[in-house]
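In what follows, a structure is listed as structure tokens, so that the remarks can point back to it.
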Amino acid sequence: MKGAKLKMESMDIAKINEASDRISGVVHTTPLQLNTGLSNKYNCHIYLKREDLQIVRSFKIRGAYNKMATLSPDQLKNGIICASAGNHAQGVAFACNKLKVKGKIFMPNPTPNQKIKKVKQFGGKWVEVILTGDSFDDAHAEAIQVSTKENISFIHPFDDLDVIAGQGTIAKEMLENTNQPFDYLLVAIGGGGLMAGVSTYFKAHSPNTNIIGVEASGAAAMYHAFQQDKVVKLSEIETFADGIAVKAVGQLTFDICKENVDEMLQIPEGKISSTILELYNEEAIVAEPAGAVSIAALDSIKDKIKGKHVGIILCGGNNDIDRTQEIQERALLHDGIKHYFIITFPQRAGALRDFLNVLGPNDDITHFQYTKKNNRESGPALVGIELGDADDFQSLLKRMEDQKINFRHLNDDATLFETLV
């Protein structure tokens, strides 16, 4: 059994090397950069593999092109189908244009407009975009049905050996472009194709590297699969980190990751948002949520990585500027700066002024919604407050209590928060 396992891993390495030759000249060899700011912040050596600078601004072109390049002429003549939340779609679209192959691309309705436009731009006349369902899984299910009905090759976004091999070429580039072994490697996980390919190559050529998988907390399908030792389908997911938001990982990717991944981390969407803003403001890097999630994980392991060499795959930079307000809001909430309250005001003159007096000099009211009720002694208002300093929150609560202000904090009340905010 052990010999069979080694043979299978050797075959996978061969497929990654073959994929590297196959995509050469089509896919960019992206830079592996020592990031001084992050290295100083965490007192270690952090290297970013800049797949956000890839030709389609994510790593997905690697697996998509490699898979399509292995199809027969007859298969290509019949066209292809894929399902994607955005980045895989762009990779497939680019490959369709390059190989002159017709493609049907199914994407969920909430896909950011920036990604939809890019798919059409990369694919040109060769692709048709079909928006369907509320999540990747919805789009995937419909794409599979059409693929079966019309006998068209389906280009899976992650659970395919040729796709996995294509993504694994990132690891090959990383290890060929450094003289220093990586102590840690952080990789984002959605369906698991990136991690499956990269971890396979690392375990063969850098077996002492500690490999850490990182997921968004609201869509931690691989974490739950690890916990139950089988692929599980989540009933609901948070789609904020759309590039890695899947309800279930692949069977192939699970089997490979289970063998190779040393640790799994879940990162709150608010922390991912804060990291996106920090990368933009401090490093001039535009990262999408899926691209930022592994960097967001550094705080979780900061004590382990002191003095170490850390590799991080910044896997995508397809962020939609229309999402900036949402990202800022999530970041402020996570950082403890933005707070929402229901304040019950006495319906008398001066009640609002009394409330304003409890605010600190650097605090700001960013939201106020109130309707006066006739024949009522009091009326509720939804109030959003942005603190000048997150550490001032407890003192704000004390001042409100001292002034006998009737309030309810909403940030930790998920039901009310989702309903009202």
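The values are calculated or read from the model by the stated rules, or taken from the named source; none is laboratory data. Worth saying up front: this structure is predicted, and the values here are computed from it rather than measured. Every residue, glycine as well, gets a Cβ built from its backbone with ideal geometry; the counts of neighbours run over all protein chains shown. All accessible areas refer to the heavy atoms of the entire protein, side chains included, with ligands and DNA or RNA removed. Shrake-Rupley method; radii C 1.70, N 1.55, O 1.52, S 1.80 Å.
For the range 116-209, what percent of Cα pairs sit more than 22 Å apart? Don't jump to the answer; show the numbers that get you there.
Values: 2054 of 4371 pairs.
Percentage above 22 Å: 47.
Using a cut-off of 19 Å between alpha-carbon atoms, which aspartates and glutamates can reach Lys230, once sequence neighbours fewer than 8 places away in the same chain are excluded?
Cross-link targets: Asp137, Asp159, Asp160, Glu215, Asp255, Glu259, Asp262, Glu263.
What would the Debye equation give as log₁₀ I(q)/I(0) for the range 1-141 at q = 0.22 Å⁻¹, counting only Cα atoms as equal point scatterers?
Debye intensities relative to I(0), on a log10 scale: -1.21.
With a 1.4 Å probe and every protein chain left in place, work out the accessible area per residue of the chain in Å², rounded to a whole number. Let's see the in-between values first.
Values: 19280 Å² over 421 residues.
It amounts to 46 Å² per residue over the chain.
For the range 30-159, give the share of DSSP beta bridges that are antiparallel, in percent and rounded to the nearest 5; count only bridges with both residues there.
Close to 20 percent.
First measure r as the distance between the Cβ atoms of Asn40 and Asp134, then evaluate 1/(1 + (r/R0)^6) with R0 = 30 Å and state the FRET efficiency to the nearest 0.05. Provide the component values of the computation, followed by the final result.
Numbers: r = 42 Å, r/R0 = 1.40.
FRET efficiency, Asn40 to Asp134: 0.10.
Just need the Rg to Rh number for the range 285-362, please, alpha carbons only, Kirkwood Rh. If you can, show how the numbers build up before the last one.
Values: Rg = 20.2 Å, Rh = 16.7 Å.
The Rg/Rh ratio comes out at 1.21.
At 7 Å along the Cα-to-beta-carbon direction for both Asp335 and Ser24, put a label point, then send me their distance in nm to one decimal.
Distance between label points: 4.5 nm.
Could you give the alpha-carbon Rg of the chain over 2.2 N^0.38 Å, rounded to two decimals? The partial results should precede the final answer.
Working: Rg = 24.2 Å, N = 421, 2.2 N^0.38 = 21.9 Å.
Taking the Cα Rg and dividing by 2.2 N^0.38 Å, one obtains 1.11.
Antiparallel versus total DSSP beta bridges in the chain: what percent is that, nearest 5?
Working: 23 of 54 bridges.
Antiparallel bridges make up about 45 percent of those DSSP assigns within the chain.
So what's the net charge close to Ala221: Lys and Arg +1, Asp and Glu -1, counting the other residues with Cβ under 9 Å from its Cβ?
Working: positive: Lys233, Lys247; negative: Glu215.
Spelling it out: positives minus negatives among the neighbours equals +1.
Can you work out the FRET efficiency for the pair Asn151 and Lys98, with r the C-beta to C-beta distance and R0 = 35 Å, to the nearest 0.05?
Details: r = 23 Å, r/R0 = 0.67.
Given R0 = 35 Å and the Cβ-Cβ separation, E is 0.90.
Starting from the Kirkwood Rh over alpha-carbon pairs, what translational D in µm² s⁻¹ does the range 183-280 have by Stokes-Einstein at 4 °C and 1.567 mPa s?
On the way: Rh = 13.6 Å.
In µm²/s, the coefficient is 95.
Which order do the peptides 233-245, 81-93 take when ranked by the mean count of other beta-carbon atoms within 10 Å per residue, highest first? Don't skip to the answer; put the middle values down first.
On the way: 233-245: 20.4, 81-93: 29.4.
Ranking, from highest mean packing down: 81-93, 233-245.
Relative contact order for the range 229-268: what is it in percent, counting Cα pairs under 8 Å that are at least 6 residues apart?
Numbers: 20 pairs, mean separation 14.4, N = 40.
Rounded, it is 36 percent for the range 229-268.
Just to confirm a number: summing +1 for Lys and Arg and -1 for Asp and Glu over residues other than Ala290 whose beta-carbon lies under 11 angstrom from that of Ala290, what do you get? Working shown, then result.
Values: positive: Lys60; negative: Glu51, Asp52, Glu215, Asp242, Glu288.
Neighbourhood net charge equals -4.
For the range 27-102, I need the span (max minus min coordinate) of the C-alpha atoms along each principal axis, in Å, sorted largest to smallest.
On the principal axes, the range 27-102 reaches 54, 22, 15 Å in Cα extent.
I need the Kirkwood Rh of the range 198-255: take the reciprocal of the average 1/r across all distinct C-alpha pairs and report it in angstrom. Mind showing how you got there, number by number?
Working: mean 1/r = 0.0803 Å⁻¹.
Computed over the range 198-255, the radius equals 12.4 Å.
In Å, what Rg and Dmax follow from the Cα atoms of the range 317-413?
Taking only Cα atoms of the range 317-413, I get Rg and Dmax of 15.2, 55 Å.
Would you please name the trypsin sites (Lys or Arg not before Pro) within the range 70-121 that are DSSP coil residues with at most 14 other C-beta atoms within 10 Å of their C-beta?
Lys100
Given a 1.4 Å probe and every protein chain left where it sits, what share in percent of the accessible area of the range 11-127 is carbon and sulfur?
Values: 2280 of 4710 Å².
Answer for the range 11-127: carbon and sulfur cover 48 percent of the accessible area.
Can you list the residues of the range 386-411 with backbone N under 15 Å from a point 7 Å past the Cα of Gln369, pointing along Cα to Cβ?
It comes to 410-411, nothing else.
Could you report the accessible area of Asp412 in Å², rounded to 10, computed with a 1.4 Å probe on the protein chains as they sit in the structure?
Accessible area, nearest 10 Å²: 140 Å².
Could you compute how fast the range 228-286 diffuses translationally, taking Rh as the Kirkwood radius over C-alpha pairs and applying Stokes-Einstein at 25 °C with viscosity 0.890 mPa s? Give it in µm² per second. Mind dumping the intermediate values first?
Values: Rh = 13.8 Å.
Answer from the Stokes-Einstein relation: 177 µm²/s.
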